[in-house]
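A.B. asks: Before I ask anything, let me first share the structure, which is written out below as structure tokens.
The values are calculated or read from the model by the stated rules, or taken from the named source; none is laboratory data. In this text, all values refer to a predicted model and were calculated from it rather than measured experimentally. Cβ: placed from backbone, ideal geometry, glycine included. Neighbour counts: every protein chain shown.
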Amino acid sequence: MEYTEIMVRYGELSTKGKNRRTFIDRLCGNAKKALHDFPELNFHPKRDRLHIVLNGADSQAVMTRLGLVFGIQSFSPSIRLERDMDLVRKTAVQMMTEQFRPGLTFKVNTRRSDHNFEMDTNEINADLGDTLLTALPELVVQVHNPEVTLRVEVRLDGIYLSSETILGAGGLPVGTAGRGMLMLSGGIDSPVAGYLAMKRGVDLQMVHFFSPPYTSEKALAKAKELTAKIAPYAGSLQFIEVPFTKIQEEIKNKVPEGYLMTVQRRMMLRITDRIRAMRRGLAIFNGESLGQVASQTMESMVAINDVTTTPILRPVLSLDKNEIIKIAKDIDTFDLSVMPFEDCCTIFAPPALKTRPNLDRTRHYETLIDVDGLIEAAIAGIQVSEIKPGEHYLVQDQAEINSLL
Amino acid sequence: MIYFDNSATTAAAPEVLATYQKVSEDFWGNPSSLHALGNKADGLLQASRQQIADLMQVQPEEIYFTSGGTEGDNWVIKGTAIAKRQFGKHLITTAIEHPAVKNSMAQLEQLGFDVTYLPVNRQGMIDPADLKAALRSDTILVSIMGVNNEIGSIQPLAEAAQILADYPNVHFHVDAVQSIGKGLMDLLKLPRIDFLSFSAHKFHGPRGMGFLYAKKGRQLAPLLTGGGQEHDWRSGTENLPAIAGMAKALRLVLADESAKVARQQAIKTKIYNHLQEKPKVTIFSGNDAHFAPHILCFGIAGVRGETVVHAFEAHDIYISTTSACSSKTGEISGTLAAMHVPDKVATSAVRISLDENNTLAEADTFIKAFDQIYQRFEIINS
């Protein structure tokens, strides 16, 4: 079937009163970004639907991309026809024949935005129902829960037919909830947390700490590759790398073993908060899940959270590991996350660390290092890059490899 | 020059050689090394594996690199025998397998394993009923070739798979060396098949390279133990130039496969129809859907195969006596013997085997040369 447009239904934003325009504009912009390499498309954002005119583009490829855009409840590939009922009948039969099997249940659902059309909604429903049953007698009409709904929309510029409704990614358009920083390690949890934050409309930027030569270039490449994996949901993502070697060496040198992790996390949080302020973010996201590891007890959160009043949002806080892994597999970050490279969290992990660190002692041990000086130096050394969907970092020679194979 | 001996080996494709050379020059790091040169080589290794997996529509972790068809066959047979010996010591194969299978089985027999060789009919095909009858509670492996290398008969793998559906623990191996790029992918994709062995030089890839498909979850003991490459299943530093070359060769051979198959079938049909009119010619291959499109085995009564090969060579046309492996030892074809072709007739057998680079014009030249040779030998043949 040669479709002429994709009709996109908005998700939750349909219920948001005054902000509606902003939401629709943002969704349309995000969809354009996700489809930037299809220049032939035309976007028509309307109050209740977004119509994407294909102008010959491959509908399947366009829909695959749209499936990743948050804020879309569902979409349907449709065909625009001249306002000629004979043509509509013929195309409807053709459309149903493609999906036909004996006993398939269906109904016809007509909407008219042009109320001056020669037939009214019920007449069109009945007319097309009859036509289809005559052409394919083994179809069964089912009004309440049909397997296929043939949708007919009568508009001024033509009649639109569609029979497939594909579920979108749901959520809210990325950017409508404001900006946040994600503390991205190379593990399983933080990319999932990032995905969930973006699903609720957050304009997310990645903050990654790396400690060469203790962590390898591969660990940094892995974090970038993970970012590329979740970039499709946002179009592209800012990746901010923070040099952390000096700070880790200093802490290792001066702070008692049991408090290494806590002090290190406080430094990371302080730096992330500084970057957030510089980039006008509103909140910080991380991949902490309650009680999973020693640094994620509530006592630990108290001791770490102590350095800022900025909201620290933890999208996977209440998920079990298995639930997180399931999402990681769904968004295809799992295989990458489990690749065994040392990251900055594991490199100086002491044999015995405090699972219930004491806040006063934490504060005291921190006085042993030059907190402000170290932070200034780290901030001065940050590097920012933009990461796009489909980019590869772990294998640098992708283009060369492709040419060889 | 007309090369009609593609089942013996194929000419490496120029694109494959270019890859081979480039990889040897620029990707010579050991994929197991931690440094950047190793990473670069590892990237290519995994990309090659992924490409082969994609082309075969399987998972990358189901592809193992080997040194060729012989290793793949040896590995599945002996590796199964070792891994599953506590479950039974009975193996089933056919009477017309390639020596890599046949002699692996013979070696196991010497070690106390019991092997059933399924007979074939006059078309060179096993009867699935024989397989069903041969299966026992202690059967651990069934190994059946996809396409016979001497006469091109396609074995009834779908029927075998159906029978083996009732024996989920039995390993099902298919020697697919002659089956790739011949329009038989649907057969090779049968979900019941556990192992498939392939050889790169049969599809314009480098020599000394092959791959094994091993279905996830199936156990196979390694034959080569060492540094733990290939998930510890097949140790040895990876032959990366050949691996990348094979990945490329597989992509090239499978591109436009149906058009290429149709071309080979047209050449085979043309020669087949011509040979059929000659009263002194016996054709051992069929020309229908039960036979591969690229192999045609026949003999001129009373003339030894070897003589015919050399007669064609004088016309700059290269064919072979049945399989290249046994041709030098002068033994008669194992497949024809299993088909109960009398020795006197079997010694006359020659095989032409085609690939996608052969043309109908070559078929015409071949036919002209054949007529001369046929006439030449009428003297001793009347």
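A.B. asks: What is the number of the single condition among (1) within 14 Å of another protein chain (Cβ to nearest Cβ); (2) surrounded by 23 or more Cβ atoms within 10 Å (Cβ to Cβ) that A:Phe285 does not meet?
C.D. replies: (1)
A.B. asks: Do we find that B:Thr116 is within 19 Å of the chain's Cα centre (by Cα) and of a type in the set (S, T, N, Q) in this structure? Spell out how you get there, then give the answer.
C.D. replies: Numbers: within 19 Å of the chain's Cα centre (by Cα): no; of a type in the set (S, T, N, Q): yes.
In short, no.
A.B. asks: Still on this structure, I have one more. Contact list please: Cβ distance under 8 Å, first residue in region B:28-40 and facing chain A (nearest Cβ under 10 Å), second residue at pLDDT below 90 and part of a helix (DSSP H, G or I), pairs at least six apart or on different chains.
C.D. replies: Pairs that qualify, where the first residue is facing chain A (nearest Cβ under 10 Å) and the partner is at pLDDT below 90 and part of a helix (DSSP H, G or I), are B:Ala36/A:Glu217; B:Asn39/A:Lys218.
A.B. asks: Pick from A:Leu404, A:Leu394, A:Leu353: which is within 14 Å of chain B (Cβ to nearest Cβ), crowded, with 17+ Cβ neighbours inside 10 Å, modelled with pLDDT under 95 and touching a Ser or Thr at 6+ places or on another chain (Cβ under 8 Å)? So that I can check it myself, show each step before the final result.
C.D. replies: Details: A:Leu394 fails: touching a Ser or Thr at 6+ places or on another chain (Cβ under 8 Å); A:Leu353 fails: within 14 Å of chain B (Cβ to nearest Cβ).
Result: A:Leu404 is the single residue among A:Leu404, A:Leu394, A:Leu353 that is within 14 Å of chain B (Cβ to nearest Cβ), crowded, with 17+ Cβ neighbours inside 10 Å, modelled with pLDDT under 95 and touching a Ser or Thr at 6+ places or on another chain (Cβ under 8 Å).
A.B. asks: For region A:202-214, check the following and say yes or no: at least one residue is within 14 Å of another protein chain (Cβ to nearest Cβ), crowded, with 21+ Cβ neighbours inside 10 Å, modelled with pLDDT under 95 and on the phi < 0 side of the Ramachandran plot.
C.D. replies: The first filter runs over region A:202-214 and keeps only residues within 14 Å of another protein chain (Cβ to nearest Cβ), leaving A:212-213.
Now narrow it down to the ones that are crowded, with 21+ Cβ neighbours inside 10 Å: none.
No - not one qualifying residue is present in region A:202-214.
A.B. asks: Now, a different point. Only one of these is of a type in the set (Asp, Glu), in contact (Cβ under 8 Å) with a residue 24 or more places away in the chain and over 30 Å from B:Ser33 (Cα atoms): A:Glu241, A:Glu299. Name it. So that I can check it myself, show each step before the final result.
C.D. replies: Details: A:Glu241 fails: over 30 Å from B:Ser33 (Cα atoms).
None of the others qualify; the one that does is A:Glu299.
A.B. asks: Okay, next question. So, in region A:237-269, of the ones that are of a type in the set (Lys, Arg) and surrounded by fewer than 18 Cβ atoms within 10 Å (Cβ to Cβ), which residue ends up nearest to A:Thr297 (Cα to Cα)? I'd like the intermediate steps shown before the answer.
C.D. replies: Here is the first cut: in region A:237-269, the ones of a type in the set (Lys, Arg) are A:246, A:252, A:254, A:265-266.
Narrowing further to those that are surrounded by fewer than 18 Cβ atoms within 10 Å (Cβ to Cβ): A:246, A:252, A:254.
On the way: A:Lys246: 27, A:Lys252: 22, A:Lys254: 24 Å.
Checked region A:237-269; the qualifying residue nearest to A:Thr297 (Cα to Cα) is A:Lys252.
A.B. asks: Still on this structure: Can you pull out every residue in region B:246-261 that is in contact (Cβ under 8 Å) with a residue 12 or more places away in the chain and of a type in the set (Gly, Ala, Ser)?
C.D. replies: Keep residues of region B:246-261 that are in contact (Cβ under 8 Å) with a residue 12 or more places away in the chain, which gives B:246-254, B:257-258, B:260-261.
Residues satisfying the conditions are B:Ala247, B:Ala249, B:Ser258.
A.B. asks: Follow-up. Just one of (1) surrounded by fewer than 16 Cβ atoms within 10 Å (Cβ to Cβ); (2) over 28 Å from B:Leu190 (Cβ atoms); (3) touching a residue at least 40 places away in the same chain (Cβ under 8 Å); (4) of a type outside the set (Asp, Glu) trips up B:Asn239, so point out which.
C.D. replies: Among (1) surrounded by fewer than 16 Cβ atoms within 10 Å (Cβ to Cβ); (2) over 28 Å from B:Leu190 (Cβ atoms); (3) touching a residue at least 40 places away in the same chain (Cβ under 8 Å); (4) of a type outside the set (Asp, Glu), B:Asn239 violates only (1).
A.B. asks: Is it the case that B:Lys280 is surrounded by fewer than 18 Cβ atoms within 10 Å (Cβ to Cβ) and more than 14 Å from chain A (Cβ to nearest Cβ)? Talk me through it step by step, then tell me what you get.
C.D. replies: Values: surrounded by fewer than 18 Cβ atoms within 10 Å (Cβ to Cβ): yes; more than 14 Å from chain A (Cβ to nearest Cβ): yes.
Taking the combined requirement at face value, the residue satisfies it.
A.B. asks: Still on this model: Looking at (1) surrounded by 21 or more Cβ atoms within 10 Å (Cβ to Cβ); (2) more than 10 Å from chain A (Cβ to nearest Cβ); (3) over 25 Å from the mean Cα position of the chain (by Cα), which is the one condition that is false for B:Ser7?
C.D. replies: (3)
A.B. asks: Got a number for residues in region B:175-231 being among the hydrophobic types (A, V, I, L, M, F, W, C), assigned to a helix (DSSP H, G or I) and under 12 Å from the mean Cα position of the chain (by Cα)?
C.D. replies: Residues of region B:175-231 that are among the hydrophobic types (A, V, I, L, M, F, W, C), as a first pass: B:176-177, B:180, B:184-185, B:187-188, B:190, B:193, B:195-196, B:198, B:200, B:203, B:209, B:211-212, B:214, B:220-221, B:223-224.
Those still in the list that are assigned to a helix (DSSP H, G or I) too: B:185, B:187-188, B:200, B:203.
Retained after the next criterion (residues that are under 12 Å from the mean Cα position of the chain (by Cα)): B:200, B:203.
Summing the residues that are among the hydrophobic types (A, V, I, L, M, F, W, C), assigned to a helix (DSSP H, G or I) and under 12 Å from the mean Cα position of the chain (by Cα) in region B:175-231 gives 2.
A.B. asks: Given the condition in a loop (DSSP other than H, G, I, E, B), within 14 Å of another protein chain (Cβ to nearest Cβ) and modelled with pLDDT under 90, answer yes or no: does some residue in region A:368-391 qualify? Let's see the steps before the verdict.
C.D. replies: To start, the set of residues in region A:368-391 that are in a loop (DSSP other than H, G, I, E, B) comprises A:368-370, A:381-382, A:388-391.
Add one more test, that the residue is within 14 Å of another protein chain (Cβ to nearest Cβ), and what stays is none.
Within region A:368-391 (the criterion being in a loop (DSSP other than H, G, I, E, B), within 14 Å of another protein chain (Cβ to nearest Cβ) and modelled with pLDDT under 90), the answer is no, since none of the residues qualifies.
A.B. asks: Then there's this: Restricting to region A:83-104, name every residue that is surrounded by 11 or more Cβ atoms within 10 Å (Cβ to Cβ) and under 38 Å from the mean Cα position of the chain (by Cα). Spell out the reasoning first.
C.D. replies: Quick first cut of region A:83-104, residues surrounded by 11 or more Cβ atoms within 10 Å (Cβ to Cβ) only: A:83-85, A:87-97, A:99-100, A:104.
If the condition is that a residue be surrounded by 11 or more Cβ atoms within 10 Å (Cβ to Cβ) and under 38 Å from the mean Cα position of the chain (by Cα), then A:Val88, A:Thr91, A:Ala92, A:Val93, A:Gln94, A:Met95, A:Met96, A:Thr97, A:Gln99, A:Phe100, A:Leu104 are the ones that fit.
A.B. asks: Collect the residues in region B:16-27 that are touching a residue at least 60 places away in the same chain (Cβ under 8 Å), surrounded by fewer than 18 Cβ atoms within 10 Å (Cβ to Cβ) and either facing chain A (nearest Cβ under 10 Å) or within 16 Å of A:Phe341 (Cα to Cα) (or both), keeping them in residue-number order.
C.D. replies: none
A.B. asks: When you look at B:Asp127, is it surrounded by fewer than 18 Cβ atoms within 10 Å (Cβ to Cβ), without any contact (Cβ under 8 Å) to a residue 60 or more places away in the chain, in contact with a His (Cβ under 9 Å, 6 or more places away or on another chain) and more than 15 Å from B:Leu187 (Cβ to Cβ), yes or no? Working first, answer last.
C.D. replies: Details: surrounded by fewer than 18 Cβ atoms within 10 Å (Cβ to Cβ): yes; without any contact (Cβ under 8 Å) to a residue 60 or more places away in the chain: yes; in contact with a His (Cβ under 9 Å, 6 or more places away or on another chain): no; more than 15 Å from B:Leu187 (Cβ to Cβ): yes.
Spelling it out, it is not the case that B:Asp127 is surrounded by fewer than 18 Cβ atoms within 10 Å (Cβ to Cβ), without any contact (Cβ under 8 Å) to a residue 60 or more places away in the chain, in contact with a His (Cβ under 9 Å, 6 or more places away or on another chain) and more than 15 Å from B:Leu187 (Cβ to Cβ).
Conditions (1) charged (D, E, K, R); (2) in contact with a strand residue (DSSP E or B) (Cβ under 8 Å, 6 or more places away or on another chain); (3) away from every other protein chain (no Cβ under 14 Å), marked per residue:
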| site | (1), (2), (3) |
| --- | --- |
| B:Met185 | no, no, yes |
| B:Gly208 | no, no, yes |
| B:Glu238 | yes, yes, yes |
| B:Ala249 | no, no, no |
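A.B. asks: Got a sec? Which of A:Thr333, A:Thr346 is modelled with pLDDT of 85 or more, within 21 Å of A:Asp189 (Cβ to Cβ) and more than 14 Å from chain B (Cβ to nearest Cβ)? Walk me through how you get there before you give the answer.
C.D. replies: Working: A:Thr346 fails: modelled with pLDDT of 85 or more.
Being modelled with pLDDT of 85 or more, within 21 Å of A:Asp189 (Cβ to Cβ) and more than 14 Å from chain B (Cβ to nearest Cβ) holds for just one of A:Thr333, A:Thr346, which is A:Thr333.
A.B. asks: Looking at (1) out of contact with any Lys or Arg (no Cβ under 7 Å at 6 or more places or on another chain); (2) in a loop (DSSP other than H, G, I, E, B), can you tell me which one A:Val108 breaks?
C.D. replies: Among (1) out of contact with any Lys or Arg (no Cβ under 7 Å at 6 or more places or on another chain); (2) in a loop (DSSP other than H, G, I, E, B), the lone unmet condition for A:Val108 is (2).
A.B. asks: Kindly indicate whether any position in region B:254-264 is in a helix (DSSP H, G or I), within 14 Å of another protein chain (Cβ to nearest Cβ) and more than 22 Å from B:Gly152 (Cβ to Cβ). Break it down into steps so the answer makes sense when it comes.
C.D. replies: As a first pass, look at region B:254-264 and keep what is in a helix (DSSP H, G or I): B:254, B:257-264.
Adding the requirement that they be within 14 Å of another protein chain (Cβ to nearest Cβ) leaves B:254.
After this cut, where a residue has to be more than 22 Å from B:Gly152 (Cβ to Cβ) as well, the list is none.
There is no residue in region B:254-264 that is in a helix (DSSP H, G or I), within 14 Å of another protein chain (Cβ to nearest Cβ) and more than 22 Å from B:Gly152 (Cβ to Cβ).
A.B. asks: Can you tell me which condition B:Val58 does not meet? The list is (1) under 24 Å from B:Thr10 (Cβ atoms); (2) in contact with a helix residue (DSSP H, G or I) (Cβ under 8 Å, 6 or more places away or on another chain); (3) away from every other protein chain (no Cβ under 14 Å), and all the others hold.
C.D. replies: (2)
A.B. asks: A follow-up question, please. One residue is enough: does region A:181-191 have a residue meeting the conditions within 14 Å of chain B (Cβ to nearest Cβ), in a loop (DSSP other than H, G, I, E, B), within 27 Å of A:Ile379 (Cα to Cα) and out of contact with any Cys (no Cβ under 8 Å at 6 or more places or on another chain)? Full working, then the answer.
C.D. replies: First, the residues of region A:181-191 that are within 14 Å of chain B (Cβ to nearest Cβ): none.
No - not one qualifying residue is present in region A:181-191.
A.B. asks: So, one more: Only one residue in B:Val76, B:Val58 is of a type in the set (A, V, I, L, M), part of a helix (DSSP H, G or I) and either touching a residue at least 40 places away in the same chain (Cβ under 8 Å) or more than 15 Å from A:Val395 (Cβ to Cβ) (or both). Which one?
C.D. replies: Details: B:Val58 fails: part of a helix (DSSP H, G or I).
Criteria check complete, one pass: B:Val76.
A.B. asks: Taking only pairs six or more apart or across chains, which ones have beta-carbon atoms under 8 Å, a first residue in region A:311-338 that is free of Cβ contacts under 8 Å to residues at least 40 places away in the same chain, and a second residue that is of a type in the set (Lys, Arg)?
C.D. replies: Partner pairs satisfying both residue conditions: none exist.
Rundown of residues vs (1) crowded, with 24+ Cβ neighbours inside 10 Å; (2) over 16 Å from the mean Cα position of the chain (by Cα); (3) free of Cβ contacts under 8 Å to residues at least 12 places away in the same chain, yes/no style:
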position: B:Ser67; (1), (2), (3): no, no, no
position: B:Lys84; (1), (2), (3): no, yes, no
position: B:Ile96; (1), (2), (3): yes, no, no
position: B:Pro99; (1), (2), (3): no, no, no
position: B:Gln107; (1), (2), (3): no, yes, no
position: B:Gln110; (1), (2), (3): no, yes, yes
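A.B. asks: Among B:Asp175, B:Asp166, which is the only one that is charged (D, E, K, R) and in contact with a strand residue (DSSP E or B) (Cβ under 9 Å, 6 or more places away or on another chain)?
C.D. replies: On the way: B:Asp166 fails: in contact with a strand residue (DSSP E or B) (Cβ under 9 Å, 6 or more places away or on another chain).
After applying the criteria, what remains is B:Asp175.
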